[in-house]
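What follows is a set of notes on a single structure, which appears directly below.
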There are 2 protein chains.
Amino acid sequence: MTSPRTNLERLFAPTSLAVVGASASPAKAGYQAMSALESFAGEVFAINPKAEAVLGRQAFPSLRALPRPVDLVLFAVPAASCVAAVREAIDTGCGSGLIVSGGFSESGPEGVEMEAELGRLCRQAGFRLLGPNTAGFLNTELSLTASFLPSAGLVPAGHVAVVAQSAGINLTVSFLLAKLGYGVSCAVGLGNAVDVGAADVLEFVANQPQTRAIALHLEGIRDGRRLYETLLRVTRKKPVVAFTVGKSDIGEFAHSHTGNLIGSYTLRQSALEQAGAVLVDSTEELAMAAAALSLRRLPAKLDPGIGVVTAQAGAGLAILDLLKSKGISVPAVTRATEQRIARLLPPMTYQKNPVDTGRPGPHFAEVVAALAEDDNIDAVITYALSEPAALRPAESLPAVQRAVAKPILFGTVGPREEVEATAAALTAEGFFVARSPEELARAACALARDAALRARVSRTPAHHAELLALHVPELPDEDSAKQLLASLGIAVPRRVVCSSRGAAHEALRHLQLPVVAKILAAEIAHKTEVGGVCLNIRDGAALDDALVRLDAIHVGAAPRRYLIEEMAPSGLELIVSATRDGSFGPTVMVGLGGIHAEVLRDTATRLAPLSLSSAHEMLEELRAFPLLNGWRGGPKLDHDAVARCILGLANLLCQEPIVQELEINPLRVYPSGVLALDALLIVKRDDST
Amino acid sequence: MTSPRTNLERLFAPTSLAVVGASASPAKAGYQAMSALESFAGEVFAINPKAEAVLGRQAFPSLRALPRPVDLVLFAVPAASCVAAVREAIDTGCGSGLIVSGGFSESGPEGVEMEAELGRLCRQAGFRLLGPNTAGFLNTELSLTASFLPSAGLVPAGHVAVVAQSAGINLTVSFLLAKLGYGVSCAVGLGNAVDVGAADVLEFVANQPQTRAIALHLEGIRDGRRLYETLLRVTRKKPVVAFTVGKSDIGEFAHSHTGNLIGSYTLRQSALEQAGAVLVDSTEELAMAAAALSLRRLPAKLDPGIGVVTAQAGAGLAILDLLKSKGISVPAVTRATEQRIARLLPPMTYQKNPVDTGRPGPHFAEVVAALAEDDNIDAVITYALSEPAALRPAESLPAVQRAVAKPILFGTVGPREEVEATAAALTAEGFFVARSPEELARAACALARDAALRARVSRTPAHHAELLALHVPELPDEDSAKQLLASLGIAVPRRVVCSSRGAAHEALRHLQLPVVAKILAAEIAHKTEVGGVCLNIRDGAALDDALVRLDAIHVGAAPRRYLIEEMAPSGLELIVSATRDGSFGPTVMVGLGGIHAEVLRDTATRLAPLSLSSAHEMLEELRAFPLLNGWRGGPKLDHDAVARCILGLANLLCQEPIVQELEINPLRVYPSGVLALDALLIVKRDDST
């Protein structure tokens, strides 16, 4: 290699290319690839042992025959030939490759093996490979269409990078951007992602000057932790909008597609958001939100305020309803702004926020300016039916935008020619133009969400708290799990481990009544299900009854032990747990306890480590949050103790790689403090994280 | 009146018109109205005492001066002049009117009074009035633009009727339809709806031959019951799609708009759906779904199956995920269909449902046909990126559609000119063409939902069950409320009403232990909050303790009474209640009991009367439904007893107009049977329903 550029840069910004399997036969991928490269200004070599030239380019019999190694090799050959071809590319010093063929891990055991071999080759050599099973990518800065789909070359250049698991979604989003009047800087379909994954492409486009926003599409995520950490860095520099499928059970079809297991949708969504990516629910919204964010980004702010100006109250209501249902603030304006607007509009119009101008008149733009200059407002969205006789936004709004630093977005509906003319003129001035009331509201949501997430991300600790002195038991039971909780600073009930009935009676005398008697055995994870928990014991007779029942439970060869424990006062019950996910690593979860977390799915999830304020946000996300917050005149419960409990579990998993899971169920929550009534700890003895 | 037509027909399909306030000054509404009427073929009279002619039409000094009464009068005069003008229209035999001016109930007490007077005039005379505070309506069959918005005349003619509370939404939806390539038959903005409401317009457009689907937009609903009953009739004839705002708190702005109080969003949504309207969440989706349904409607079917054919698996996944998350079935196809598809496609493609064709080839349309002809499939949606070289859907799909009676919908994304050409050609053939994967999926949802709701509606009883012999107490307490429940066939615990401590001890001897002792007083609705419920009484001493506590509660002048009641076995707790809503009349609600209904909002609502299967559907709608259905290997609970309990309350409210509310909280549910542990009955003594 003569260039100091990384092989990843050689892949996405090559100066020279070779097409293995280049063909003059229009039905072949090797023809499509060659013809798509016509606009590329770099060197292009055709590799075809049977031809002297392909589409006017000199053909070489093999990569070895080339005068010098190329940056990027496009492999337009069947799956079975790919391993050998990649090996040759590596041997000849080429930097990177792109495999379009399917027939790898998505198709069966043989494909899985070939794909694994490709992965090994890449890792050994540092060769960067896109695909297999992808249509390729575009880099419009280089007029480079490294794709086998004929229409890919028609995607206009612009400032949004599209990073998609699927080649089809890559082009779908690119053309949806074009429909909105925007274009792409780079557009990549990952396919099976044997080597180059979303994190790699994100690193590349985050440094690409012409990329101003990133649209990310994901199905399954293999190395979730790396993606998360990459996104944490990228979202500080550039806005990222993410769309991921899998809210329903679509596993079999998903696996057939790119060989990815779909994984937990909730965890994926939580991780993307925690890393600062704005989540959306469709390809349309992915394109729209990325386009809006590529124009202007709000400064980081936890709760930005949106101002709404509408010429039609009905549309204003639809906009307000959507914003509020997404938790976006539409704050009251200052008294001064109200007075300023009152001087501009007729008396019967609604002049708070939203401002309903009634029939749009000459003061429309001034009203927008008044709202935009208000201290409570961070961005203004404005909607009007197209009425060129009454309102010419392309003539009046640009001056307002130049005068205030805050984003102003415009939405309109009307006769096609009118709308297109207005949109073209405003887009040229750097405005986002929405084509419906809801699109306008959703664009505002994206701006506000990006600002709020960035403010949150800035509080996420880069590393977890200082190391604690912890003893992780190798064969944990409830008692040793609770000792671990105590050393994490999480309160547990007073209790005594007893190896005999006599010891249990002794314990009864020293503990506060009533007590609970439980079977204590590392083998029994779910004590209640085997009758291993006896509540409300107040005297020796009741204890004897309980011990008889516990003795009837089979516990294997270990000596029989009991846990005699003080019963806790009643209170709200939560479940708090930390789990080591195969893709994302340490995660924490909190939910309403008992049947609710599972049936009603009222839970909040984060990756660990996390900040105390993130733990508080988890509580606020629960539908059950009002129960923690002084429900029906009751006392406000101790949020902070719950949040610290979440952090304790998070820190444990970050610090101790052998801990797979620690679940507190239930965690009783009181006006002051919490109490972990049961704990289940799962450790993995061989230290593989 | 010489015509047998109703005044509602004279309003929306007039043969003659007069404009009061017709003006030659372009800034005035009376000018806009006159110029918008230029295309109208019927008679148009200008009313202006100061002019001889307006825009080439002879002007008359007043309605009285006209040669004969007109069908419709457009009032382009200020609010203050409207009452007198409407009176003149009535006196001269005109049939209907339209008031554009604002300044009525949305603007303050004086406006409220003027609006009330307009309402009285209309009711007395049978005059039908649209507005005030509306921009009017279009009837494209008559080339009639009865509107003051200049662009209204540019809405193309078509087969969707738009019925919108708001004039702005009326035009927004009309132009969104135009953008999709469709047009309107009739488009009406209701404004303040002093006389003509949504139900009236629905009646009109349901009978209008060129209307094939109806897009309905609502803010508040004043006479919900009438709207519901009208919709029940209309949705049998024509598909109705409904969009209503108010999921968030937008009350103040909403009231300022059309003077409507927004009411309960949940109830409104439930009622619209129960009447067979397909609910959507945006103006975009309102236009899109109405357009799709105007082309083809599925036969009524509870769970129609959607077939999905996609040329790009990534888009197919997004489509499948959306369909499944909306509860739409994407069923497996028969073995025969699988084999047929296997012969058409290369081996590595996914050939179940969805079918992923891989790169689209010559067999694409045959694959669509194979799926469409499968017995499990009721409609096929098909998505492909635009690739004219590989796929020409406009050439191949129409023949498939002609050969099978099931709807086939197509979605595509790509270079604009290609997509527009394909869409225009397929639209001309009667296809719905979606412009994104999600739009395609949402169109399928609308078709499936319409079919499912129609199947449900056909089971809704037109009248409630035969009359029961019921005694509704005038001053109900828990005991008399439970007597009423028992006479509705709802099981209640054994209990004794006691007027003395001695009687309570006597009761203790005859009931099964343990018992609960409660304060019994019509004045005390919430016994628990005043300490009026003592649980778990097993002996006389405990009963004495309880009675002392109950005697400490202040109950006013009435003699002190106790309710001694057998305690029920533990079980799942629901809340079931029936309420008489001011707009919608009798309604029933079921939810998970305790704190959950209120905090987690896990409830289902219906209007009464309803069928037993509707009551079952309510249970299935609850997120908590798994708890009723054999959760964690537990027994399946008695759905039918809960459903019959819901019906019992529904029938009570339908039969007894003085009952305002009856709430059972909790209703314990067992594997066999239910038990109403507490009941709160509210009656209204003057019999006004």
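The values are calculated or read from the model by the stated rules, or taken from the named source; none is laboratory data. On a predicted model such as this, the values are computed, not experimentally measured, just so you know. Quick reminder, even Gly has a Cβ in these numbers, built from the backbone with ideal geometry, and neighbours come from all protein chains shown.
Quick one: in the range A:61-108, of everything that is of a type in the set (Ser, Thr, Tyr) and over 18 Å from A:GLY197 (Cα atoms), which residue is nearest to the other protein chains (Cβ to nearest Cβ)?
Checking each candidate, the answer is A:SER107.
If I ask for residues that are surrounded by fewer than 21 Cβ atoms within 10 Å (Cβ to Cβ) and either basic (Lys, Arg) or outside any helix (DSSP H, G or I) (or both), which ones from the range A:612-626 would you list?
Within the range A:612-626, A:ARG623 is the sole residue that qualifies.
Just need a number here: residues in the range B:581-603 that are within 14 Å of another protein chain (Cβ to nearest Cβ) and either under 20 Å from B:GLY224 (Cβ atoms) or under 17 Å from the mean Cα position of the chain (by Cα) (or both).
Within the range B:581-603, residues that are within 14 Å of another protein chain (Cβ to nearest Cβ) and either under 20 Å from B:GLY224 (Cβ atoms) or under 17 Å from the mean Cα position of the chain (by Cα) (or both) number 1.
Which of (1) assigned to a helix (DSSP H, G or I); (2) under 25 Å from B:ALA434 (Cβ atoms); (3) not small (Gly, Ala, Ser) is the odd one out, the single condition B:VAL201 does not satisfy?
All conditions pass for B:VAL201, except number (2).
For A:GLN655, only one of the following conditions fails: (1) touching a residue at least 40 places away in the same chain (Cβ under 8 Å); (2) within 21 Å of the chain's Cα centre (by Cα). What is its number?
(2)
Pick out the one residue from A:HIS554, A:HIS526, A:HIS505, A:HIS510 that is within 25 Å of A:ARG601 (Cβ to Cβ) and either touching a Ser or Thr at 6+ places or on another chain (Cβ under 8 Å) or surrounded by fewer than 16 Cβ atoms within 10 Å (Cβ to Cβ) (or both).
None of the other options fit; the residue is A:HIS526.
A quick yes/no check of all residues on (1) closer than 21 Å to A:LEU293 by Cα; (2) without any contact (Cβ under 8 Å) to a residue 40 or more places away in the chain; (3) not assigned by TED's automatic domain parsing to the domain that holds A:ALA403:
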site: A:LYS326; (1), (2), (3): yes, no, no
site: A:VAL333; (1), (2), (3): no, no, no
site: A:GLN351; (1), (2), (3): no, yes, no
site: A:VAL355; (1), (2), (3): no, no, no
site: A:PRO362; (1), (2), (3): no, yes, no
site: A:ILE377; (1), (2), (3): yes, no, no
site: A:ALA384; (1), (2), (3): no, no, no
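For the range B:662-674, which residues satisfy the criterion of being farther than 14 Å from B:GLU478 by Cβ and surrounded by fewer than 21 Cβ atoms within 10 Å (Cβ to Cβ)?
Within the range B:662-674, B:TYR670, B:PRO671, B:SER672, B:GLY673 meet the criteria.
Just for the range B:171-186: of the residues that are crowded, with 24+ Cβ neighbours inside 10 Å and within 12 Å of chain A (Cβ to nearest Cβ), which one is farthest from the chain's Cα centre (by Cα)?
Checking each candidate, the answer is B:PHE175.
Any residue at all in the range A:543-560 that is closer than 24 Å to A:LEU675 by Cα, assigned to a strand (DSSP E or B), touching a residue at least 24 places away in the same chain (Cβ under 8 Å) and touching a strand residue (DSSP E or B) at 6+ places or on another chain (Cβ under 8 Å)?
no
Select from the range B:565-580 the residues that are within 24 Å of A:GLY593 (Cα to Cα), away from chain A (no Cβ under 14 Å) and in a loop (DSSP other than H, G, I, E, B) and list them in ascending order.
B:PRO569 - this is the single residue of the range B:565-580 that is within 24 Å of A:GLY593 (Cα to Cα), away from chain A (no Cβ under 14 Å) and in a loop (DSSP other than H, G, I, E, B).
Can you tell me which residue among B:GLY168, B:GLY136, B:GLY189 is out of contact with any helix residue (DSSP H, G or I) (no Cβ under 6 Å at 6 or more places or on another chain) and surrounded by 19 or more Cβ atoms within 10 Å (Cβ to Cβ)?
Just a single option satisfies the conditions, and that option is B:GLY136.
Return yes when A:PRO331 is under 36 Å from the mean Cα position of the chain (by Cα), at pLDDT 95 or above and more than 30 Å from B:GLU439 (Cβ to Cβ) and no when it is not.
Yes, satisfied.
Among the residues of the range A:19-41, how many are within 19 Å of A:THR92 (Cα to Cα) and either in contact with a Leu (Cβ under 6 Å, 6 or more places away or on another chain) or acidic (Asp, Glu) (or both)?
Looking only at that region, the number is 1.
Go through the range A:451-489 and report how many residues are modelled with pLDDT of 90 or more and among the hydroxyl-bearing types (Ser, Thr, Tyr).
2
Would you confirm, using the coordinates I've provided, whether B:ALA441 is crowded, with 23+ Cβ neighbours inside 10 Å and either outside any loop (DSSP other than H, G, I, E, B) or more than 27 Å from the chain's Cα centre (by Cα) (or both)?
yes
Taking the criterion of being in a loop (DSSP other than H, G, I, E, B), buried (at least 16 other Cβ atoms within 10 Å of the Cβ) and acidic (Asp, Glu), would at least one residue in the range B:385-393 satisfy it?
Taking every residue of the range B:385-393 in turn, at least one turns out to be in a loop (DSSP other than H, G, I, E, B), buried (at least 16 other Cβ atoms within 10 Å of the Cβ) and acidic (Asp, Glu).
Table: residues versus (1) of a type in the set (D, E, K, R); (2) under 14 Å from A:ARG449 (Cα atoms).
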site	(1), (2)
A:ASP303	yes, yes
A:THR310	no, no
A:GLY316	no, no
A:ILE319	no, no
A:LEU322	no, yes
A:VAL333	no, no
A:ARG340	yes, no
A:LEU344	no, no
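Conditions: (1) under 30 Å from A:ASP544 (Cβ atoms); (2) buried (at least 19 other Cβ atoms within 10 Å of the Cβ). A:LEU484 meets all but one. Number of the miss?
Among (1) under 30 Å from A:ASP544 (Cβ atoms); (2) buried (at least 19 other Cβ atoms within 10 Å of the Cβ), A:LEU484 violates only (1).
For the range B:12-25, check the following and say yes or no: at least one residue is polar (S, T, N, Q), in contact with a Gly (Cβ under 7 Å, 6 or more places away or on another chain) and assigned to a strand (DSSP E or B).
Yes, because at least one residue in the range B:12-25 is polar (S, T, N, Q), in contact with a Gly (Cβ under 7 Å, 6 or more places away or on another chain) and assigned to a strand (DSSP E or B).
Considering the range B:611-629 alone, what residues qualify as being away from chain A (no Cβ under 12 Å) and either in contact with a helix residue (DSSP H, G or I) (Cβ under 6 Å, 6 or more places away or on another chain) or without any contact (Cβ under 8 Å) to a residue 60 or more places away in the chain (or both)?
Residues satisfying the conditions are B:LEU612, B:ALA615, B:HIS616, B:MET618, B:LEU619, B:GLU620, B:GLU621.
Any idea which of A:ARG222, A:ARG233 is in contact (Cβ under 8 Å) with a residue 24 or more places away in the chain, under 15 Å from A:GLN269 (Cα atoms) and over 13 Å from the mean Cα position of the chain (by Cα)?
Only one candidate qualifies: A:ARG222.
Is it fair to say B:GLU598 is part of a helix (DSSP H, G or I) and under 30 Å from B:ALA615 (Cα atoms)?
yes
Taking the range A:92-102, which residues are in contact with a helix residue (DSSP H, G or I) (Cβ under 8 Å, 6 or more places away or on another chain) and either surrounded by fewer than 21 Cβ atoms within 10 Å (Cβ to Cβ) or charged (D, E, K, R) (or both)?
A:THR92
For A:LEU317, which of the numbered conditions (1) over 32 Å from the mean Cα position of the chain (by Cα); (2) over 21 Å from A:PHE431 (Cβ atoms); (3) crowded, with 17+ Cβ neighbours inside 10 Å fails to hold?
(1)
Mind listing just one residue for me: the one in the range B:328-369 that is facing chain A (nearest Cβ under 9 Å) and farther than 18 Å from B:THR382 by Cβ and, of those, surrounded by the fewest Cβ atoms within 10 Å (Cβ to Cβ)?
Result: B:PRO347.
Could you list, in sequence order, all residues of the range A:212-233 that are assigned to a loop (DSSP other than H, G, I, E, B) and surrounded by fewer than 24 Cβ atoms within 10 Å (Cβ to Cβ)?
A:ARG212, A:GLY220, A:ARG222, A:ASP223
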